[in-house]
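Trainee: Please read through the structure below; I'll follow up with questions.
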């Protein structure tokens, strides 16, 4: 049983940190870009949200968790049956969110995809190089009017990127975009 707090003890202050979603390829880490982004986000006092798997999700989460001290958590939104998939959750996911949702990749905009949760939970979305799954998250971000930016060097790293989605290969520009989106929210 919890003991009542003495009147002289102040109530704890709870600060809600913004969530930054980082989406990218599951089949390649895209280092050093993904790790540098993770470390930089950890220093911004935000939570990191990824799909919780391998590739860029692993590299970004590893970079994020390497920063100590930090206030934010590494969150992973996991697909159905992820316990049976060795890549889920990666060892740097501090808060795994299990779902019943099986679809990803080319079916990433399907209502049975966890990508909706990823995008809707994030205040801002950053897309790293990736394939159809990453592109579907960018499309969902534009659909749900979430600030989204592609952190890529060339169009070939995220083929089919919708027009109007800003892109940059400069980490400082990406961080300025994140700060601006957090401030405007």
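Trainee: For a quick check, take a GNM of the chain with Cα springs below 10 Å and name the residue from 27, 115, 90 with the largest mean-square fluctuation.
Mentor: Looking only at 27, 115, 90, the biggest GNM fluctuation is shown by 27.
Trainee: Kindly express, to the nearest 10 degrees and within the range 0 to 90, the angle between helix 171-184's C-alpha long axis and the longest C-alpha principal axis of the chain.
Mentor: Orientation of helix 171-184: about 60 degrees from the principal axis.
Trainee: Something else about it: Arrange 151, 88, 144 by Cβ neighbour counts within 10 Å, fewest through most, would you?
Mentor: Values: 151 28, 88 21, 144 13.
Ordered by Cβ neighbours within 10 Å, fewest first: 144, 88, 151.
Trainee: Can you give the angle from 0 to 90° between the axis of helix 33-42 and the longest principal axis of the chain, with both taken from C-alpha atoms, to the nearest 10?
Mentor: 20
Trainee: What's the angle, to the nearest 10 degrees (0 to 90), between helix 132-143's Cα axis and the longest principal axis of the chain?
Mentor: Approximately 70 degrees, to the nearest ten.
Trainee: Okay, moving on. Once each part is reduced to its C-alpha centroid, what is the distance from segment 122-158 to segment 1-70 in angstrom?
Mentor: Between the Cα centres of segment 122-158 and segment 1-70 lies a distance of 19 Å.
Trainee: Mean projection of the alpha-carbon convex hull of segment 51-185 over all orientations, in nm²? Intermediate values should be presented prior to the final figure.
Mentor: Values: hull surface 32.6 nm².
Answer in nm², one decimal: 8.1.
Where a number appears in this text, it was derived from the coordinates with a stated rule and is not lab data. Bear in mind the structure is a predicted one, so any value in this text is a computation, not a measurement. Glycine gets a Cβ as well: all are built from the backbone with ideal geometry, and neighbour counts include every protein chain shown.
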